[in-house]
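First the structure, in the form of structure tokens, and then the observations on it.
The values are calculated or read from the model by the stated rules, or taken from the named source; none is laboratory data. These numbers were taken from a predicted model, which means no experiment stands behind them. Neighbour counts are summed over all protein chains in view; Cβ atoms, including those assigned to glycine, are modelled from backbone coordinates with ideal geometry.
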Amino acid sequence: MLSGAETETVQQAGQHAEEAFDPGASILHHILDSPELEVFVPMWKIPLPELHVFGQDLSITKHVVMMWLAAAALLLLARSAVRRINDPVPRGLRNALEAIVVYLRDEVARKAIHRGPDRFLGYLLTTFFFILSCNLLGLVPGAATATGNVSVTAALALVAFGVIQVGGIRQYGVVRHLKNLVPHGLPLWLVPIMFGLELLSTFIKPFALCIRLFANMMAGHVVILAFVSLIFITGSVFSPLAGWATSPFAVFFALFVYTLEILVAFLQAYIFTMLTAQFIGMSVQPAH
């Protein structure tokens, strides 16, 4: 049996351990947006400028900087690839980018959009490469995943919604585009119900794109951080030796998930682009 003083000492030690490492706070710190930019080491923090326009907070945040870096990287890669555009045989970076562009054009855009697919190719390519760049940039130590922010994915989905609707309106006009929402040949009493459901569906589709990308990109980083946190949790709860014993397993599984995240980065960029192309195709050429 422990004496009262010993019990109090144990409780204080437990409270000190909890204060020393909070796994929940650590995970949230890494996945949430921040007005500060961490440069590789968490202690090196660069405060970002605050900006208020007409009472609205438009301050620069960590995820905004990540999107700027992703856009800058894309511009540099595209410029480097274009320099070799006159080479008779594509090599290196130009060959890799050209293979992706041709695949997205032939297997995604032209198969999903049967009327004027090349009109939407620039948007689809921009969407794919921007999301891919943000996803991969989030795997760099010290960086952050902008696509793990629901505001970013919501903006991407909002742009997709606009392109989908503009494509249909440009093809048929506003009235006929709205009429195309309802399948032909329905009983008259069923038309208002189907119109309401289909109208709701037009908003649900981009919302699904938003949540799918956000959830998948955030979940992977949470899992990686959870495995790493196991080292500090076992070291705090049991003993430092237990933390060291846990570290090989935690690091192995964290690296395994990290490797999967590279695949997920490409997969989620492709899925977002492919589904957007499908929705555009449904808008410019309804199935009925």
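Quick notes on this structure:
- Filtered by the rule that a residue be of a type outside the set (S, T, N, Q) and either within 20 Å of A219 (Cα to Cα) or exposed (fewer than 12 other Cβ atoms within 10 Å of the Cβ) (or both), the stretch 234-248 gives P240, L241, P248.
- Count of residues meeting criterion [closer than 21 Å to D33 by Cβ and either among the polar types (S, T, N, Q) or more than 23 Å from the chain's Cα centre (by Cα) (or both)] in the stretch 203-240: 2
- Filter result (under 19 Å from L136 (Cα atoms) and either surrounded by fewer than 16 Cβ atoms within 10 Å (Cβ to Cβ) or in contact with a Leu (Cβ under 7 Å, 6 or more places away or on another chain) (or both)) within the stretch 42-68: T61, K62, V65, M66, W68
- Filter result (without any contact (Cβ under 8 Å) to a residue 60 or more places away in the chain and more than 18 Å from G122 (Cα to Cα)) within the stretch 65-84: V65, W68, S80, R83, R84
- Among all residues of the stretch 263-284, there is none that is at pLDDT below 85 and loosely packed, with under 13 Cβ neighbours inside 10 Å.
- Odd one out for V175 among (1) farther than 12 Å from I211 by Cα; (2) in contact (Cβ under 8 Å) with a residue 40 or more places away in the chain: (2)
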